[in-house]
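Peer 1: One structure, pasted below without further comment.
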Amino acid sequence: MTRFVQRLRAPEPGWTTHADVVVVGSGIAGLTAALELRQKVDRVLLVTKGLLSSGSTVWAQGGIAAALDPEDTPEEHLQDTLVAGVGTCSEQAVRTLVTEGPDRVRELVKRGAHFDTQADGSITLTREGGHHRDRIAHAGGDATGAEISRALIAQLEAVRNDPGIEVIEHAMVVDLLTAAPDAEGRPGAICGVTLHVIGEGSRDGVGAALAKAVILATGGIGQLFRSSTNPSSATADGLAAAFRAGAAIADLEFVQFHPTVLWEGSSALGQLPLISEAVRGEGAYLLNAEGQRFMVGQHELAELAPRDVVSRAIVRMMAQEESDNVFLDCRHLGGEFLKKRFPTIHARLAERGIDMGTDLIPIAPAQHFHSGGVLTDLRGRSTRPGLYAVGEAACSGVHGANRLASNSLLEGLVFATRAAKDAAAVVAERVVTQHEPVNRLGPSALVPATQRPRIQSITHGGAGPVREAVGLQRADIKLERLREQFHTDDAGPMPQVAEWETTNVLQASSVLVRTALAREETRGGHLRIDFPKQDTRWEVRQAATMDADGQLSLMRVPLDIG
């Protein structure tokens, strides 16, 4: 088999900077980690691929889940999360999430986030799929992520002139820097990043940021697929870089396809408009082509069943009717209420000639969230010294096979705070020190950007919402041929951001397809029509690593890893 490469083809760094900790990403997890670290280490560097406000957090519509109601409890939140995760959550990680979550949300309010409130000033709480309580806090009706992002960025802007923190925007991390290989030939401790800065000033081009620790908060993998709710920047950069640096990545096969994404035709590509689960939380129905509700009787919560259940039911209904979509019906909720409660969604639909108050909304599942990522423990530590991962880039064990609605923002808050605290402690106690980076040997990789649609089509066809061995095997062969074709000897044209992104997309897709093929069962976001039942032997996390020879190794690891 074609081996995986340990680095992207890139110019040698032309400049160097230093920090105690480098944080990569500016969503809720990255911003929280940077703000926490600023108070605990001498110097923190935050790098983000676009503007500070361009992370995935800003697109989050529904809200953030936490047991804030006096009648709600963390234990009830835990049980709902474990049910949604279908037997593959880390109970330790979920318990950490739900017990620490309420305090993290209150701290977010102190940082300036304005949630929608009742007349008495208490936070308004609503319900979404899989929750048995009203525990979703939202802002601006359906603009929760945008408000959280605004508040955290304002906090960061207030300290931008602090010499202890530096922000570099328009900076793509190309690879993680590693120290001398260990006894088994694997890359050594993580000691910084190489990054390409697109912009003005002296730090253009590729440079090196040396650090004692790196926290990846690079978001999801949406651009592996033909259609997704993720922004165009979600090209699995952190996941692929960690894999090349020897870290274990886990549960890649658990991809959540959001059930209610606006259907814009079979030719629609890129980021598609999401119709928040909160719309169903307010009472919207799912209808088939004949105008009949089809979720009643399929699950006790009907339209508010966990997302994998709803997505699967929609796929079955579309197959039964031989149609490309079903419909979301919220007409009975009233036009004025919908416009006030969901102003962003209302406006986006109106731009496309759809009135939520009078029209049925055509919808179909599309890639939305990745429950897998860099394998981490309860402190955000990966399997490589000096490397942390938080938020959607991490596989903390919180989500298992399927994320419970609105748990993602909470995960970013809770585990970014934990990772920042741990990274600061190991820096202060000199548990980690600054290592000297060495070049990783062997061939590099660079895939032309023109190949991205082809890779997306292969991945979506093999590892989309419905999977089987034949399709996965076909996708695996095609992706391996592409990897073999674009291994390089460091010759050829100068690489650009689009080529690095496309190479990451290919590497992450290759591992995802292999893990989906290996998991011979149906569970959560992973649907195998040739293995339609759950298998208790698969109540584990599936981790993937690359050995010193560039060969992929899959292993099963316990759900709770401390």
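Peer 1: Are there any strands (runs of 3 or more DSSP E) wholly within segment 156-211 with 2 or more residues that are touching a strand residue (DSSP E or B) at 6+ places or on another chain (Cβ under 9 Å) and of a type in the set (Ser, Thr, Tyr), and if so which? Working first, answer last.
Peer 2: Working: elements: 165-168, 171-178, 190-197.
Where strands (runs of 3 or more DSSP E) fall fully within segment 156-211, none carries at least 2 residues being touching a strand residue (DSSP E or B) at 6+ places or on another chain (Cβ under 9 Å) and of a type in the set (Ser, Thr, Tyr).
Peer 1: Take residue 195 and decide whether it is crowded, with 19+ Cβ neighbours inside 10 Å, touching a helix residue (DSSP H, G or I) at 6+ places or on another chain (Cβ under 6 Å) and either under 22 Å from residue 390 (Cα atoms) or of a type in the set (D, E, K, R) (or both). Please lay out each step first, then the result.
Peer 2: Details: crowded, with 19+ Cβ neighbours inside 10 Å: yes; touching a helix residue (DSSP H, G or I) at 6+ places or on another chain (Cβ under 6 Å): no; either under 22 Å from residue 390 (Cα atoms) or of a type in the set (D, E, K, R) (or both): yes.
Taking the combined requirement at face value, the residue does not satisfy it.
Peer 1: Ok, one more. Scanning segment 5-23 for residues that are crowded, with 22+ Cβ neighbours inside 10 Å, out of contact with any His (no Cβ under 9 Å at 6 or more places or on another chain) and among the hydrophobic types (A, V, I, L, M, F, W, C), which turns out nearest to residue 241 (Cα to Cα)?
Peer 2: Restricting attention to segment 5-23, the residues satisfying the condition of being crowded, with 22+ Cβ neighbours inside 10 Å are 5-9, 19, 21-23.
Subset that is out of contact with any His (no Cβ under 9 Å at 6 or more places or on another chain): 6-9, 19, 21-23.
Narrowing further to those that are among the hydrophobic types (A, V, I, L, M, F, W, C): 8, 19, 21-23.
Numbers: 8: 9, 19: 19, 21: 17, 22: 14, 23: 14 Å.
It comes out as 8.
Peer 1: State yes or no: is residue 432 in a loop (DSSP other than H, G, I, E, B), in contact with a helix residue (DSSP H, G or I) (Cβ under 6 Å, 6 or more places away or on another chain) and closer than 20 Å to residue 188 by Cβ?
Peer 2: Working: in a loop (DSSP other than H, G, I, E, B): yes; in contact with a helix residue (DSSP H, G or I) (Cβ under 6 Å, 6 or more places away or on another chain): yes; closer than 20 Å to residue 188 by Cβ: yes.
Against the criterion (in a loop (DSSP other than H, G, I, E, B), in contact with a helix residue (DSSP H, G or I) (Cβ under 6 Å, 6 or more places away or on another chain) and closer than 20 Å to residue 188 by Cβ), residue 432 qualifies.
Peer 1: If you don't mind, another one. Looking only at residues in segment 111-162 that are hydroxyl-bearing (Ser, Thr, Tyr) and crowded, with 18+ Cβ neighbours inside 10 Å, which one is modelled with the lowest pLDDT? Working first, answer last.
Peer 2: The initial filter retains those residues of segment 111-162 that are hydroxyl-bearing (Ser, Thr, Tyr), namely 117, 122, 124, 126, 144, 149.
Those still in the list that are crowded, with 18+ Cβ neighbours inside 10 Å too: 126, 144, 149.
Details: 126: 89, 144: 85, 149: 89.
Only one residue tops the list, namely 144.
Peer 1: Looking only at residues that are under 18 Å from residue 145 (Cβ atoms) and either in contact (Cβ under 8 Å) with a residue 40 or more places away in the chain or among the charged types (D, E, K, R) (or both) in segment 326-354, which one is surrounded by the fewest Cβ atoms within 10 Å (Cβ to Cβ)? Reasoning before the result, please.
Peer 2: The first filter runs over segment 326-354 and keeps only residues under 18 Å from residue 145 (Cβ atoms), leaving 341-348.
Then drop every residue that is not either in contact (Cβ under 8 Å) with a residue 40 or more places away in the chain or among the charged types (D, E, K, R) (or both), which leaves 341-345, 348.
On the way: 341: 21, 342: 26, 343: 14, 344: 18, 345: 25, 348: 16.
Across segment 326-354, the extreme among qualifying residues is 343.
Peer 1: Mind checking which pairs have a first residue in segment 134-157 that is among the hydroxyl-bearing types (Ser, Thr, Tyr) and a second that is in a strand (DSSP E or B), Cβ under 9 Å, 6 or more apart or different chains?
Peer 2: Here the result reads 144/64; 144/136; 144/137, each pair linking segment 134-157 to a residue that is in a strand (DSSP E or B).
Peer 1: Pick from 319, 305: which is buried (at least 16 other Cβ atoms within 10 Å of the Cβ) and either within 24 Å of residue 136 (Cα to Cα) or of a type outside the set (D, E, K, R) (or both)?
Peer 2: On the way: 319 fails: buried (at least 16 other Cβ atoms within 10 Å of the Cβ).
Result: 305 is the single residue among 319, 305 that is buried (at least 16 other Cβ atoms within 10 Å of the Cβ) and either within 24 Å of residue 136 (Cα to Cα) or of a type outside the set (D, E, K, R) (or both).
Peer 1: Let me ask something additional. For segment 482-500, state whether one or more residues are assigned to a helix (DSSP H, G or I), surrounded by fewer than 12 Cβ atoms within 10 Å (Cβ to Cβ) and touching a residue at least 24 places away in the same chain (Cβ under 8 Å).
Peer 2: Yes, segment 482-500 contains a residue that is assigned to a helix (DSSP H, G or I), surrounded by fewer than 12 Cβ atoms within 10 Å (Cβ to Cβ) and touching a residue at least 24 places away in the same chain (Cβ under 8 Å).
Peer 1: Which of the residues spanning segment 524-552 are more than 23 Å from the chain's Cα centre (by Cα) and either in a strand (DSSP E or B) or under 28 Å from residue 311 (Cα atoms) (or both)?
Peer 2: Restricting attention to segment 524-552, the residues satisfying the condition of being more than 23 Å from the chain's Cα centre (by Cα) are 529-537, 547-551.
529, 530, 531, 532, 533, 534, 535, 536, 537 - these are the residues of segment 524-552 that are more than 23 Å from the chain's Cα centre (by Cα) and either in a strand (DSSP E or B) or under 28 Å from residue 311 (Cα atoms) (or both).
Peer 1: Same structure, new question: What are the pairs with Cβ atoms under 6 angstrom where one residue, in segment 437-458, is closer than 27 Å to residue 472 by Cα and the other, located anywhere, is small (Gly, Ala, Ser) and outside any loop (DSSP other than H, G, I, E, B)? Sequence gap at least six, or different chains.
Peer 2: Here the result reads 449/498; 455/509; 458/475, each pair linking segment 437-458 to a residue that is small (Gly, Ala, Ser) and outside any loop (DSSP other than H, G, I, E, B).
Peer 1: Taking the conditions exactly as written (in the same structural domain as residue 176 (by TED's automatic domain parsing), within 22 Å of the chain's Cα centre (by Cα), under 30 Å from residue 143 (Cα atoms) and of a type in the set (Gly, Ala, Ser)), does residue 62 satisfy them or not? Can you show your working first?
Peer 2: Working: in the same structural domain as residue 176 (by TED's automatic domain parsing): yes; within 22 Å of the chain's Cα centre (by Cα): yes; under 30 Å from residue 143 (Cα atoms): yes; of a type in the set (Gly, Ala, Ser): yes.
So residue 62 fits the description; yes.
Peer 1: Could you check, for segment 389-398, whether at least one of its residues is at pLDDT 95 or above, of a type in the set (Val, Ile, Thr), touching a helix residue (DSSP H, G or I) at 6+ places or on another chain (Cβ under 9 Å) and in a loop (DSSP other than H, G, I, E, B)? Can you show your working first?
Peer 2: Our first condition is that a residue be at pLDDT 95 or above; within segment 389-398, this holds for 389-398.
Then keep just the ones that are of a type in the set (Val, Ile, Thr); that gives 390, 398.
Remaining after also requiring touching a helix residue (DSSP H, G or I) at 6+ places or on another chain (Cβ under 9 Å): 390, 398.
Retained after the next criterion (residues that are in a loop (DSSP other than H, G, I, E, B)): 390, 398.
For segment 389-398, residues at pLDDT 95 or above, of a type in the set (Val, Ile, Thr), touching a helix residue (DSSP H, G or I) at 6+ places or on another chain (Cβ under 9 Å) and in a loop (DSSP other than H, G, I, E, B): present.
Peer 1: Which of the numbered conditions does residue 42 fail, given that it passes all the others? Conditions: (1) touching a residue at least 60 places away in the same chain (Cβ under 8 Å); (2) over 29 Å from residue 303 (Cβ atoms); (3) part of a helix (DSSP H, G or I).
Peer 2: So the condition that residue 42 fails would be (3).
Peer 1: So which of 259, 231 is surrounded by fewer than 22 Cβ atoms within 10 Å (Cβ to Cβ) and either within 19 Å of the chain's Cα centre (by Cα) or without any contact (Cβ under 8 Å) to a residue 40 or more places away in the chain (or both)? Spell out the reasoning first.
Peer 2: Values: 259 fails: surrounded by fewer than 22 Cβ atoms within 10 Å (Cβ to Cβ).
The match here is 231.
Peer 1: Filter segment 283-341 down to the residues that are within 17 Å of residue 261 (Cα to Cα) and acidic (Asp, Glu), then identify the one that is modelled with the lowest pLDDT.
Peer 2: That would be 308.
Peer 1: Considering segment 152-211 alone, what residues qualify as being among the hydroxyl-bearing types (Ser, Thr, Tyr) and more than 20 Å from residue 434 (Cα to Cα)? First the steps, then the outcome.
Peer 2: Here is the first cut: in segment 152-211, the residues among the hydroxyl-bearing types (Ser, Thr, Tyr) are 178, 194, 202.
Hit for segment 152-211 is 202, nothing else.
Peer 1: So which residues in segment 165-187 are charged (D, E, K, R), within 16 Å of residue 210 (Cβ to Cβ) and over 22 Å from the mean Cα position of the chain (by Cα), if there are any at all?
Peer 2: 166
The values are calculated or read from the model by the stated rules, or taken from the named source; none is laboratory data. Computed from a predicted structure; not experimentally measured. Note: ideal-geometry Cβ built from the backbone for every residue, glycine included; neighbour counts use all protein chains shown.
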